[in-house]
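The values are calculated or read from the model by the stated rules, or taken from the named source; none is laboratory data. If you're wondering where the values come from, they're calculated on a predicted model, not measured in any experiment. Here the Cβ positions follow ideal geometry from the backbone for every residue, glycine too, while neighbour counts run over all protein chains shown. When the accessible area is computed, the model is the full protein with side chains, heavy atoms only, and any ligands, DNA or RNA have been set aside. Shrake-Rupley method; radii C 1.70, N 1.55, O 1.52, S 1.80 Å.
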Amino acid sequence: MVAYGAEQRVRVPALRARWLRQAFVHWPFRPEAVQALLPRELVVDEYDGMAWVGLTPFVMADVRAPGVPAAVPGLPTFAETNLRTYVRREDGRDGIWFLSILVACRVMLAARAVGAPYTLGHLRVTTDGDTVSYVGSRAAGRVSYRLDVRPGDPLRPTERDVWLTSRWRAYTRRLGRVWETPVEHEPWPLAGAAVDVLEETLTGAAGLPAPLDEPVVHYSPGVGHVRLGASRPSSA
């Protein structure tokens, strides 16, 4: 069972931020289709016998390095969009594996040093009445998405809701090794969401076939106390 709250404290964060206006769009896939995209050290995690891939656009705000006081401005607010799936190490520790990351801030490309697949893109998040719109594309423009959602009432999260949205470490691969980045924040406040527009070419560009079913969609206004730990080689 995945924990709804952070599994560990990040006592010395490498980065602090707020994650705001986050949508979660999850499709089910055959596990073998997703496993083919993973390094050998990781095994696809399954729920109801299926692998799940999530498109998660959001806004990064108040991004700052450790020791920078709140009174000092951090990086300007920017948008980020992840395409991710869920994995486990041989010892059972679960986490996120990123199939792609689009970001509208060049500074974040520094995370490529530990294998995070950041790509600079053109992204925009806007709100019009009860609709939140996300638009993004890679700088070259050949891979893109558009998502319009209408958030619903707050949810009492089910086991599946928690499983799809709550992970407390990310795995990357660099220099022949898997790296691990811990994360800590308060539990996501979740709502259901209706999709008005969903157009994307990110999944196909990542090497995925057509999904098995329609997506499961959540929305969160965000979390305000995100603490990312330093990335380190992950022990087996």
Worksheet, complete the sentence: Restricted to the range 63-76 and to residues being surrounded by fewer than 16 Cβ atoms within 10 Å (Cβ to Cβ) and not aliphatic (A, V, I, L, M), the residue modelled with the lowest pLDDT is P69
Response to the item:
Looking across the range 216-232 at residues that are among the small types (G, A, S) and closer than 26 Å to L147 by Cβ, the single one that is least open to solvent (accessible area, probe 1.4 Å) is S220
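What residue, of W163, W168, W179, is open to solvent by less than 10 Å² (accessible area, probe 1.4 Å) and more than 16 Å from E80 (Cα to Cα)?
W168
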Worksheet item: Which residues, taken from the range 1-43, are of a type outside the set (F, W, Y), in contact with a helix residue (DSSP H, G or I) (Cβ under 9 Å, 6 or more places away or on another chain), outside any strand (DSSP E or B) and open to solvent by 20 Å² or more (accessible area, probe 1.4 Å)?
Response: M1, A3
Worksheet item: Could we say that D91 is touching a helix residue (DSSP H, G or I) at 6+ places or on another chain (Cβ under 9 Å), of a type in the set (D, E) and open to solvent by 50 Å² or more (accessible area, probe 1.4 Å) here?
Response: no
Worksheet item: Looking only at strands (runs of 3 or more DSSP E) that fall completely inside the range 141-230, which ones have 3 or more residues that are touching a helix residue (DSSP H, G or I) at 6+ places or on another chain (Cβ under 8 Å) and at pLDDT 95 or above?
Response: 216-228
Worksheet item: Given the conditions (1) open to solvent by 50 Å² or more (accessible area, probe 1.4 Å); (2) under 29 Å from A36 (Cα atoms); (3) in contact with a Lys or Arg (Cβ under 8 Å, 6 or more places away or on another chain), and given that D196 satisfies all but one, which numbered condition is not satisfied?
Response: (2)
Worksheet entry | Identity of the residue in the range 1-48, within 29 Å of T201 (Cβ to Cβ) and small (G, A, S), that ends up modelled with the lowest pLDDT | A17
Worksheet item: Name the pairs whose Cβ atoms lie under 6 Å apart, with the first residue in the range 142-158 and over 17 Å from D130 (Cβ atoms), the second open to solvent by 70 Å² or more (accessible area, probe 1.4 Å), and 6 or more positions between them or separate chains?
Response: R146/E199
Worksheet item: Do you know which residues across the range 115-140 are open to solvent by less than 30 Å² (accessible area, probe 1.4 Å) and outside any strand (DSSP E or B)?
Response: G115, A116
Worksheet entry | Cross-chain or 6+ apart pairs with Cβ under 9 Å, the range 101-129 first and closer than 20 Å to R173 by Cα and hydrophobic (A, V, I, L, M, F, W, C), then open to solvent by 70 Å² or more (accessible area, probe 1.4 Å) and not in a strand (DSSP E or B) | L120/R106
Discussion item. Quick check on my filter: what residues within the range 144-156 are farther than 15 Å from T56 by Cβ and touching a Pro at 6+ places or on another chain (Cβ under 8 Å)?
Written reply: P154
Worksheet item: With (1) under 24 Å from V195 (Cα atoms); (2) open to solvent by less than 30 Å² (accessible area, probe 1.4 Å); (3) among the hydrophobic types (A, V, I, L, M, F, W, C); (4) in contact with a helix residue (DSSP H, G or I) (Cβ under 8 Å, 6 or more places away or on another chain) as the list, and F58 as the residue in question, which single condition is left unmet?
Response: (4)
Item to complete: Can you tell me which residue within the range 94-108, out of those that are open to solvent by 30 Å² or more (accessible area, probe 1.4 Å), of a type outside the set (D, E, K, R) and outside any strand (DSSP E or B), is farthest from A51 (Cα to Cα)?
Response: V107
Worksheet entry | Of the criteria (1) at pLDDT 95 or above; (2) within 19 Å of the chain's Cα centre (by Cα), which one G129 fails | (2)
